[in-house]
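**Student:** One structure coming up, written as structure tokens, with questions to follow.
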Amino acid sequence: MELMDRVTVNSDVAFGKPVIRGTRITVQLIVKLLANGVTEDEILSDYYPELVKEDIKAALLYASESLGYEEVILV
């Protein structure tokens, strides 16, 4: 399975926010936890068995790719 295939968007799940496939765990939550100093091992422990290491990588890749499409307009 490709990393990006681990992330899905469904309007009926988490208000349409990107989540890890088969869970209600959002990409936003994973990135926010990492940004706040929570380690990968702590996240995996807290969300066991729903998350695996590749899911965290997929969340970061998804966030990175999403920012690549962001358009900045200078005024």
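Here, each number is a calculation from the coordinates, and none is a lab measurement. Computed from a predicted model, the values in this text were never measured in an experiment. Glycine gets a Cβ as well: all are built from the backbone with ideal geometry, and neighbour counts include every protein chain shown.
**Student:** Sum -39500 (n - 2.57) across every DSSP H segment of at least 4 residues in the chain, then divide by the residue count to get the 222 nm mean residue ellipticity, nearest 500.
**Tutor:** Rounded to the nearest 500, the figure is -13000 deg cm²/dmol.
**Student:** Taking the simple approach of a point 7 Å from Cα along Cα-to-Cβ for both Asn36 and Phe15, what is their distance in nm?
**Tutor:** It works out to 1.6 nm between the two label points.
**Student:** Oh, and also: Rg and Dmax of region 1-56, using alpha carbons, in Å: what are they?
**Tutor:** Computed over the Cα atoms of region 1-56, radius of gyration and Dmax are 11.0, 30 Å.
**Student:** Once you keep just the Cα pairs under 8 angstrom separated by 6 or more residues, what percentage relative contact order results for the chain?
**Tutor:** 31 percent
**Student:** GNM, the chain, Cα, under 10 Å: largest mean-square fluctuation among Ser64, Ser11, Ser45?
**Tutor:** So, out of Ser64, Ser11, Ser45, the one fluctuating most is Ser11.
**Student:** Against the longest principal axis of the chain, how steep is helix 53-68, in degrees 0 to 90 to the nearest 10, with axes from Cα atoms?
**Tutor:** 10 degrees
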